[in-house]
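Data block below; observations after.
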Amino acid sequence: SEGIAHVLEQTPLSENDRNLLMYHGFVLHNGDGPELLESELQLGGTQLVEASVFSAFDYVALGHIHKPQWVKSGKIRYSGSLMKYSFSECLQQKSVTLLNWKEKDNCTITIIPLHPKRDMRILHGALESLLKYATPSEDFIRAELTDLELIPNAIEKLRVVYPNTLELSY
């Protein structure tokens, strides 16, 4: 936090104009961090920075975390990734954050949901049941089979209905 604060002090901000900062890293708010996966805590060696470091800015657009979320409502936001990059993100609603900024204190923020051509989903159950009740789909699939024994060619059987099956586990 001290290092980032020192760097930001080198650039004077305008009292009359809009002050926007784009920052790629992990930002804490009141001792709480954004919702992180364990693997994200180690990405790039970036340390956690207190949100108070950015208090002089009118808006801070954050990057690094794939899940769209506010650190400080109306002021500091992770826009998130545009696409789902792993099955750990399959329940996330991806979006674009649009700022309509007229004057310094007149900013409207709109969250625009994104709807990909192919979604990412996790299917859970016995192979026979997954196939019997399948709705054919081009979505990217991870199948978690509950069968007690390995089934030969299970992924090929799933790919008849779900051609984009990427992972299979028991």
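Examine the range 4-16 for a residue that is modelled with pLDDT under 90, assigned to a helix (DSSP H, G or I) and more than 15 Å from the chain's Cα centre (by Cα), and state whether such a residue exists. Scanning the range 4-16 turns up no residue that is modelled with pLDDT under 90, assigned to a helix (DSSP H, G or I) and more than 15 Å from the chain's Cα centre (by Cα). Note on the range 126-170: among residues that are among the acidic types (Asp, Glu) and either assigned to a helix (DSSP H, G or I) or touching a Pro at 6+ places or on another chain (Cβ under 6 Å) (or both), the one that is surrounded by the fewest Cβ atoms within 10 Å (Cβ to Cβ) is Glu156. The set of residues in the range 48-71 that are open to solvent by 60 Å² or more (accessible area, probe 1.4 Å) and under 21 Å from His6 (Cβ atoms) comprises Leu48, Glu50, Ser52, Ser55, Ala56.
Could you tell me whether Lys94 is open to solvent by 40 Å² or more (accessible area, probe 1.4 Å) and out of contact with any helix residue (DSSP H, G or I) (no Cβ under 6 Å at 6 or more places or on another chain)? Considered against the rule, which asks whether it is open to solvent by 40 Å² or more (accessible area, probe 1.4 Å) and out of contact with any helix residue (DSSP H, G or I) (no Cβ under 6 Å at 6 or more places or on another chain), Lys94 comes out as no.
Just a yes or no: is a residue in the range 96-116 over 30 Å from Asn16 (Cα atoms) and among the basic types (Lys, Arg)? No: the range 96-116 contains no residue that is over 30 Å from Asn16 (Cα atoms) and among the basic types (Lys, Arg). For the range 9-31, taking the residues that are surrounded by 15 or more Cβ atoms within 10 Å (Cβ to Cβ) and of a type outside the set (A, V, I, L, M, F, W, C), the one that is nearest to Glu50 (Cα to Cα) is identified as His29.
Looking only at the range 128-136, decide whether some residue is more than 30 Å from Ser14 (Cβ to Cβ), touching a strand residue (DSSP E or B) at 6+ places or on another chain (Cβ under 6 Å) and among the aliphatic types (A, V, I, L, M). Show your work before the answer.
First, the residues of the range 128-136 that are more than 30 Å from Ser14 (Cβ to Cβ): 128-136.
Adding the requirement that they be touching a strand residue (DSSP E or B) at 6+ places or on another chain (Cβ under 6 Å) leaves 130.
Now narrow it down to the ones that are among the aliphatic types (A, V, I, L, M): 130.
Scanning the range 128-136, I find at least one residue that is more than 30 Å from Ser14 (Cβ to Cβ), touching a strand residue (DSSP E or B) at 6+ places or on another chain (Cβ under 6 Å) and among the aliphatic types (A, V, I, L, M), so the answer is yes.
Could you say whether any residue in the range 56-65 is at pLDDT below 95 and in a strand (DSSP E or B)? For the range 56-65, residues at pLDDT below 95 and in a strand (DSSP E or B): present.
Residue pairs whose Cβ atoms lie under 6 Å apart, sitting 6 or more positions apart in sequence or on different chains, and linking a residue in the range 1-19 that is of a type in the set (Gly, Ala, Ser) to a partner that is surrounded by 13 or more Cβ atoms within 10 Å (Cβ to Cβ) and not in a loop (DSSP other than H, G, I, E, B), are Ser1/Val49; Ser1/Glu50; Ser1/Val53; Ala5/Val53. Taken as a whole, the structure leaves Leu123 outside the set of residues that are open to solvent by 70 Å² or more (accessible area, probe 1.4 Å) and at negative phi. Going through (1) open to solvent by less than 90 Å² (accessible area, probe 1.4 Å); (2) modelled with pLDDT under 95; (3) assigned to a strand (DSSP E or B) one by one, Lys102 falls short only on (1).
The values are calculated or read from the model by the stated rules, or taken from the named source; none is laboratory data. Everything quoted here is computed from the prediction, not taken from an experiment. Using ideal geometry, Cβ is built from the backbone for each residue, glycine included, and neighbour counts are taken over all protein chains shown. For the accessible areas, the whole protein counts, side chains as well, though only heavy atoms, and no ligand, DNA or RNA atoms are used. Shrake-Rupley method; radii C 1.70, N 1.55, O 1.52, S 1.80 Å.
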